[in-house]
Amino acid sequence: MKFDRYYISAEIKKNLRQLGFKRPTDIQFKAIPSILEGEDVLAIAQTGTGKTAAFAIPVIDKIHRYKSSKRAYGIKCIVMAPTRELAVQIGEVFKSIAAHTRVKVFTLHGGVEQDRQIARLQDGIDVLIATPGRMFDLINQQEIRLASVSTLVLDEADHMLDLGFIEDIRYIKKMLRGKHQTLFFSATINDEIKKLAYSQVKSAAIRIQVSPKDRISKNVTHAVMFVEMDDKRFFLQRFLQEHPTDKIIVFVRTKVRAERVVKAMARVGMTVVSIHGDKDQRDRSEVMQSFREGKQRVLIATDVSARGIDVPDIACVINYDLPEKVENYVHRVGRTGRGVNKGDAISFCSSDEKPLLEAIQSFIAKPIDVVGVDKKAYAEITSAPQSLDALVAEHEAWLTGAGKKSKRRKKK
């Protein structure tokens, strides 16, 4: 069934056509009618299957139909997201679907000045997309009022609950004194998190599970390559050289590792950019914008970004380090092969990381294909960059020595 046949407003249908949305994905087909009916929903679907639009379309439609003008009379929907990047991405989806409607959308997160955010809230909004930290700050300052909220959405619900936000969620639920709808959306969820989620919705909540047997999208081809830790940068360099036009995300385990990889690529003349928690919000936004527009084609990221990057033309994901949390493997590789696009993912696995690989394979319930590298090819890849590094080090040592000699001459 096409979106044109859905009982949603003409303005939203027009926006969906302009965005290229013709038919609903499985999760959208199953979730939208239930949400329009006011049901509580717990939905689990693969990354890249259109989860955000699955709740954005019905939420926007309900608010648009309720309002008679663009004036806002209090927040009607709160969408909680675990990271700034994900909040921003959800906000962009909501704004594009809500264009030309009476629905006013605002995204709230830390890392920027509060005063401007408070002024925007005072202007009146209908949908608030927020990270918990900044939202609770402004609730405590009485700048956010929840009396009119009729829908609460938790996106990446497993991550929200796993990060310890369960008490915050319970607190919000207690403050929503009127009748309201609760929507949980996620790509992965375990039994423990499922119990917590069900404790926060009506007993008659509708559970929607799409393609639960395979956690990885069929659009993604993923494999593993056994590479020792000290050799990973050489393999990364070779891969980037062999794919000079592809847009690529490289995932690392820590902020320090991210910057080391950036510097390692710079030493061999390759410009890459990084995004992680130590960068301020302006830098993070600029990096993401340049990556999205193709001005930078290689992004080095930590897991803080794995659930917030929705760029449709990412050709490949590289797991430079295997993730310590198995769920993050699903979210990382899900950055490619989104929508109807195809994508590839390759993981570099060192000897020390083999237990992590085994845990990931157990979690996704299938072995990951292995890309073989013979000894001759391995030596070829790792030897040339090593000699280049030696030349760089020798050159830096020469410059340092030349500087010392120059100072000695001046003293004489």
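Taking the stated definitions as given, is G343 small (G, A, S) and over 18 Å from V88 (Cβ atoms)? So G343 passes the test.
Could you say whether any residue in segment 25-36 is under 18 Å from L152 (Cβ atoms), in a helix (DSSP H, G or I) and of a type in the set (D, E)? Steps first, answer last, please.
Filtering segment 25-36 for residues under 18 Å from L152 (Cβ atoms) gives 31-32, 34-36.
Still in the list and also in a helix (DSSP H, G or I): 31-32, 34-36.
Pick out the ones that are also of a type in the set (D, E) and you get none.
No, every residue in segment 25-36 fails to be under 18 Å from L152 (Cβ atoms), in a helix (DSSP H, G or I) and of a type in the set (D, E).
Selection over segment 210-229 of residues that are out of contact with any helix residue (DSSP H, G or I) (no Cβ under 7 Å at 6 or more places or on another chain) and either at pLDDT below 75 or β-branched (V, I, T) (or both) gives a count of 5. The helices (runs of 4 or more DSSP H) found entirely in segment 278-377 that carry 1 or more residues being surrounded by 17 or more Cβ atoms within 10 Å (Cβ to Cβ) and touching a Phe, Trp or Tyr at 6+ places or on another chain (Cβ under 6 Å) are 326-333, 354-364.
In segment 191-204, how many residues are in contact (Cβ under 8 Å) with a residue 40 or more places away in the chain and either surrounded by fewer than 18 Cβ atoms within 10 Å (Cβ to Cβ) or part of a strand (DSSP E or B) (or both)?
The total comes to 3.
With respect to the conditions (1) polar (S, T, N, Q); (2) within 16 Å of the chain's Cα centre (by Cα); (3) over 17 Å from F136 (Cα atoms), T83 lacks only one, and its number is (3).
Given R84, R65, which one is surrounded by 22 or more Cβ atoms within 10 Å (Cβ to Cβ), under 26 Å from R145 (Cα atoms) and charged (D, E, K, R)?
Working: R65 fails: surrounded by 22 or more Cβ atoms within 10 Å (Cβ to Cβ).
When all the criteria are applied, what remains is R84.
For every residue, the table says whether it meets (1) among the hydrophobic types (A, V, I, L, M, F, W, C); (2) touching a residue at least 60 places away in the same chain (Cβ under 8 Å); (3) buried (at least 24 other Cβ atoms within 10 Å of the Cβ).
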position: R23; (1), (2), (3): no, no, no
position: F29; (1), (2), (3): yes, no, no
position: K51; (1), (2), (3): no, yes, yes
position: P58; (1), (2), (3): no, no, yes
position: I78; (1), (2), (3): yes, yes, no
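T107 falls short on exactly one of the conditions (1) assigned to a loop (DSSP other than H, G, I, E, B); (2) β-branched (V, I, T); (3) touching a strand residue (DSSP E or B) at 6+ places or on another chain (Cβ under 7 Å), and that condition is (1). Contact map, segment 251-269: first residue in a loop (DSSP other than H, G, I, E, B) and surrounded by 18 or more Cβ atoms within 10 Å (Cβ to Cβ), second residue at pLDDT 95 or above and among the polar types (S, T, N, Q), Cβ cut-off under 6 Å, separation 6 or more or different chains; the map is empty. Examine segment 233-241 for a residue that is modelled with pLDDT under 95 and in a loop (DSSP other than H, G, I, E, B), and state whether such a residue exists. No - not one qualifying residue is present in segment 233-241.
The values are calculated or read from the model by the stated rules, or taken from the named source; none is laboratory data. For clarity, every value in this text was computed on a predicted model and none was experimentally measured. Backbone-built Cβ (ideal geometry, glycine too); neighbour counts: all protein chains shown.
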